[in-house]
Every structure is written in structure tokens, then in C-alpha cells.
Amino acid sequence: MELVYMDGKKEPYTTSEIIAECAEVQHHTITRLVRDNKADFEALGILGFKIHKLDKRGQPKKIYLLNEQQATLLITYLKNTEPVRQFKMNLVKAFFEMRDELSKRYLQRELEKPKRKTLTEAIKSWEKAPKHAYSTLTNLLLKGATGKNKSQLMQERESGNGIDSLTSDELTNYQRLEDMAIAMINLNRGYSEIKELIFKA
């Protein structure tokens, strides 16, 4: 089970539901702690939540979205049982790994920007360019790097655009494919040849 997720703004978070499950505490106990100490949590950031509708019976379930500081505060309010202690260690590790991934992602994204400019310039002078060449190639590169197009990535990862939703490893692969596409465009190859090469790579 993943303990930490990303939102569209790239801030790592966990949920009250994950904390309850991993700490072996009832979810209503966790949500009561959040409600009873709401001012403390709001002092550490926006206290987000989402509503999960249950089956046809019962009230909808409110699940809090907690940033790293809020999650850390919440687990200090729990009794230090063995499951809670183990979860604290796992949660700290998960937030650290997510921050590390964010740093790598940021670096890869900065490295990608000049390539994006080079690709744009190559497309401008591409004699065999298809209609909507820029978006068509971006979708091709995303599909080659992840198996999904821009729309699928944006929906699945709740991102404003496809490239920003990529992991650092996916971005590295995307850049490799982007280099190939730029070289093929500069050789004035057709889209179908580029597509074939991208999916072989």
C-alpha cells in the first residue's frame, strides 16, 4: 500500500484512511482527533478532504488529506502502540522518498525544457509535419514513455498537463525519446517512421 501521494500542486500528502488502517485504529477515531484539533491542523496548512460515497446505505465518509506536518502531528496524538510506532517509521520514510522523487523530477523537468525548445524549433521547419504536429508528437512521446497519452495521464494523475505528471524515471525515458524524435525530424522523416522508432525503443 502506498502511504504518500501527490496532488496536482506537487505537495505530498497522506489520508486519514491510510493512517487509520496502518496504525490499526478506527477511522472515526482519526477523524474525531482531526475535528477536535482542527485549529492545530489548519495552522500547518490547508486541511483538505474528500467525500467517499458509501453503498446505497449509510452516510458518506469524509477522508482528510494531510500534508507531512499535519500527518506527523496526527500520529503524535495516537497512543504509541507497536502498530503506531511501526507506521510512524514507515510514514517518515515514505515522505522522505516522495521528497527525493520530487527533487529528481524537478531536475529532470529543468533538463527537459531546453529539449522542448529544440523540438519546437525542429517542428517549425519540418516539411513532413502532420497536422497539429506539436501536440501529436507530445502525445506520441508520452505514450512511448508511459504507455498513456496526455489525456489519460492528466485524468489518472490529476495533473494540469501530461509532462508534469511524469515520474523522474518516466521523464528520463521521455527525454531519450524526445532526442530520437528531434533527430528524425531534422532528417525530415515522416511521422509514421518516428512513431515506429519510438515504439521500438
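Evaluation of Ala129 against the conditions (1) surrounded by 18 or more Cβ atoms within 10 Å (Cβ to Cβ); (2) assigned by TED's automatic domain parsing to the domain that holds Thr15 shows that the sole unmet condition is (2).
Just one of the numbered conditions (1) in the same structural domain as Ser159 (by TED's automatic domain parsing); (2) surrounded by 13 or more Cβ atoms within 10 Å (Cβ to Cβ) is not true of Pro114: (2). Against the conditions (1) more than 30 Å from Gln69 (Cβ to Cβ); (2) surrounded by 13 or more Cβ atoms within 10 Å (Cβ to Cβ); (3) of a type in the set (A, V, I, L, M, F, W, C), Leu171 satisfies every one except (1). Of all residues in the range 156-201, which are more than 16 Å from Glu101 (Cα to Cα), among the acidic types (Asp, Glu) and free of Cβ contacts under 8 Å to residues at least 12 places away in the same chain? Within the range 156-201, Glu156, Glu193, Glu196 meet the criteria. Here the condition is being under 22 Å from the mean Cα position of the chain (by Cα), without any contact (Cβ under 8 Å) to a residue 60 or more places away in the chain and farther than 30 Å from Leu142 by Cβ; of Gln59, Gln69, it holds for Gln69 alone. Name the residues in the range 30-51 that are in contact with a helix residue (DSSP H, G or I) (Cβ under 7 Å, 6 or more places away or on another chain), β-branched (Val, Ile, Thr) and free of Cβ contacts under 8 Å to residues at least 40 places away in the same chain, would you? Matches in the range 30-51: Thr31 only.
Among the residues of the range 36-94, write down those that are among the aliphatic types (A, V, I, L, M) and touching a His at 6+ places or on another chain (Cβ under 9 Å). Residue satisfying the conditions is Ile63 alone. Summed over the range 91-104, the residues that are under 23 Å from Gly45 (Cα atoms), within 16 Å of the chain's Cα centre (by Cα) and either touching a residue at least 40 places away in the same chain (Cβ under 8 Å) or assigned to a strand (DSSP E or B) (or both) give a count of 7. Whether a residue is loosely packed, with under 15 Cβ neighbours inside 10 Å, within 30 Å of Ser168 (Cβ to Cβ) and of a type in the set (A, V, I, L, M, F, W, C) was assessed, and Met6 does not pass this test.
If Thr138 satisfies every condition in (1) under 30 Å from Glu42 (Cβ atoms); (2) free of Cβ contacts under 8 Å to residues at least 40 places away in the same chain; (3) under 24 Å from the mean Cα position of the chain (by Cα) but one, which is the exception? All conditions are met except number (1). Evaluation of Gly45 against the conditions (1) closer than 17 Å to Ile18 by Cα; (2) touching a strand residue (DSSP E or B) at 6+ places or on another chain (Cβ under 8 Å) shows that the sole unmet condition is (1).
The values are calculated or read from the model by the stated rules, or taken from the named source; none is laboratory data. Keep in mind the model is a prediction, meaning the values are calculated, not measured. In this analysis, Cβ positions are derived from the backbone assuming ideal geometry, glycine residues included, and neighbour counts consider all displayed protein chains.
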